[in-house]
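Below is one structure, written out as structure tokens; comments come after it.
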Amino acid sequence: MSFATSLRHALIAAGVFAALAAPVEARTIKFGHFGSPNTPFDQGVQFFAHKLEEISGGKLKVVDYPSGQLGNEAQEIGALQGGLQEMLSTSSTNLVKYNPRFKLIDIPFAFPDDAATDRVLLGPVGQEMLDGLKGSGMVGLGYMDNGFRDLSNSKRPIATLADFKGLNFRVLGSPVFIDLFKALGANPVPMPFPEVYSALETGTVDGQDNPLVTVRDLKFYEVQKYLTPSKHAYSALPILISEPFWNSLSDLERSQIKEAVVATEAENRRLMRDTYTKALEFLGTEGKLQVSTFSPEALAEIRTAVQPVVDSIVTPDLKPLYEQMEAAIAK
């Protein structure tokens, strides 16, 4: 064997050895969502990124894409299903077409408080909802908390069912929200979220429903006078991962991601609830808006009025899971 040939073989062997000795290249995970930068929701995604990198020793790196930077809801869901985007957190309402069980989260006035949402979503009922995504191209890992939707308007305090009558409310385009506000005696006006402030300012609509953090951060209080912390709808944001990507991971990587998700669920809830308390103090105590609440009697009347909406959601196939959900809430 010539010297040149021996040298070539030695170099090849050295190269193979170096490749085997080199650390495995880190995986990059694109995590898309629709929260604004540095809101509690976005801070939760950032926490997940730091936690997962820590747990994996830097082998799993997450890049945060807030504010729909990777596309609208349908585009990001499609990218997830096709394996072009690794992770996404979006409203459970956007997933109903893939799994009708998520409709139960949208039931009006279903959850009396934060503890009830935790008992449902962080327990067997929430897991069954996530498991129902099987075959959709997405895997459900957990839930971000986006808080409760509350009411504001520019016309009058809302403390009873009668106070809703005739008010024009901007609502989500989802049928359940349209039906809810009709049942309350208001006029629902579906419109895209970016148009809401202008519509409130010009009087195109009298009021809106969003988490209080949104009312504070987007300065809706500048064009509204009255606030009702109604908790009429809860906003859950499932944490999703692309099924093709999930299937490409090792058991260890999957375990590390699940561990980071559990830690993120707790941290996100701490951030969101602390921010809610501060938002309510800012909007009410500091005099930005006049705050009204429902008495037990008024809330009972309102629940009776919206019961047909509940009945339309709880179809026979969803009734067993709904009963489990009710039992968890009652604990």
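General remarks:
- Helices in the chain, meaning DSSP H runs of at least 4 residues, each add -39500 (n - 2.57). Divided by all residues, the mean residue ellipticity at 222 nm is -14000 deg cm²/dmol.
- Among the trypsin sites (Lys or Arg not before Pro) in the range 105-154, those located in a DSSP loop and surrounded by at most 15 other Cβ atoms within 10 Å of their own Cβ are Lys134.
- For the range 242-282, the residues whose amide N sits under 19 Å from a probe point set 7 Å from the Cα of Asp217 along the beta carbon direction are 264-282.
- Relative to the current alpha-carbon distance between Lys182 and Lys319, full extension at 0.36 nm per residue lengthens the span by 46.9 nm.
- Between amide H atoms placed 1.01 Å from N, distances below 5 Å from Ile29 occur with Lys61, Val62, Val63, all of them 5 or more places distant or on a separate chain.
- Too-long pairs where the Cα-Cα distance tops 26 Å, listed order kept, from Lys51/Lys331; Lys30/Lys59; Lys165/Lys278; Lys134/Lys258; Lys61/Lys278; Lys165/Lys331: Lys51/Lys331; Lys165/Lys278; Lys61/Lys278; Lys165/Lys331
- On the basis of the beta-carbon distance and an R0 of 30 Å, Gln127 and Val63 show a calculated FRET efficiency of 0.60.
- Karplus 3J(HN,Hα) series, Hz, for the range 291-302 with 6.51 cos²θ - 1.76 cosθ + 1.60 (x for Gly, Pro): 9, 10, 10, 8, 6, x, 5, 5, 5, 5, 5, 5
- Segment Ala26-Leu84, length gained on full extension (0.36 nm per residue, minus Cα span): 19.2 nm
- Net charge of neighbours whose Cβ lies under 11 Å from the Cβ of Leu52, counting Lys and Arg as +1 and Asp and Glu as -1: +1
- Fully extended contour minus Cα-Cα distance, from Arg156 to Ser248, at 0.36 nm per residue: 27.6 nm
- With θ taken as phi - 60° and the Karplus curve 6.51 cos²θ - 1.76 cosθ + 1.60 applied, the whole-hertz 3J(HN,Hα) list for the range 261-278 is 5, 4, 5, 5, 4, 5, 5, 4, 5, 4, 5, 5, 6, 5, 5, 4, 4, 5 Hz, x standing for glycine and proline.
- Placing dummy labels 7 Å off each Cα toward the beta-carbon, the span from Lys134 to Glu301 is 4.8 nm.
- For Val189, distant residues with modelled amide H under 5 Å away: Phe169, Arg170, Val171
- Karplus-derived 3J(HN,Hα), 6.51/-1.76/1.60, for each residue of the range 104-121, Hz, glycine and proline x: 5, 5, 7, 4, x, 6, 6, 10, x, 7, 4, 4, 5, 5, 5, 4, 7, 7
- Dipole of the chain [Lys/Arg +1, Asp/Glu -1 at C-beta], most positive-end residue of Thr264, Leu161, Pro316: Thr264
- Value of relative contact order over the chain, rounded to a whole percent, pairs C-alpha under 8 Å and six or more apart: 24
- Checking every one of the trypsin sites (Lys or Arg not before Pro) in the range 195-290 against DSSP loop status and a limit of 13 other Cβ atoms within 10 Å picks out Lys219.
- Cleavage-rule hits, GluC sites (Glu not before Pro), the range 248-331, DSSP coil, Cβ neighbours within 10 Å at most 15: Glu286
- Partner aspartates and glutamates for Lys288 [C-alpha distance under 20 Å; skip if fewer than 8 residues away on the same chain]: Asp150, Glu201, Asp206, Asp209, Asp217, Glu222, Asp274
- Size of charge dipole - the range 83-161 - debye, nearest 20, with Cβ of Lys, Arg +1 and Asp, Glu -1, no other charges: 400
- A Gaussian network model of the chain, with springs between Cα atoms under 10 Å, assigns the largest mean-square fluctuation among Asp64, Asp311, Asp209 to Asp311.
Bear in mind that the values in this text are calculations on the coordinates, not laboratory data. Only a predicted model underlies this, so the values are computations on that prediction, with no experimental measurement involved. Counting neighbours? That spans all protein chains shown, and the Cβs are built from the backbone with ideal geometry, glycine included.
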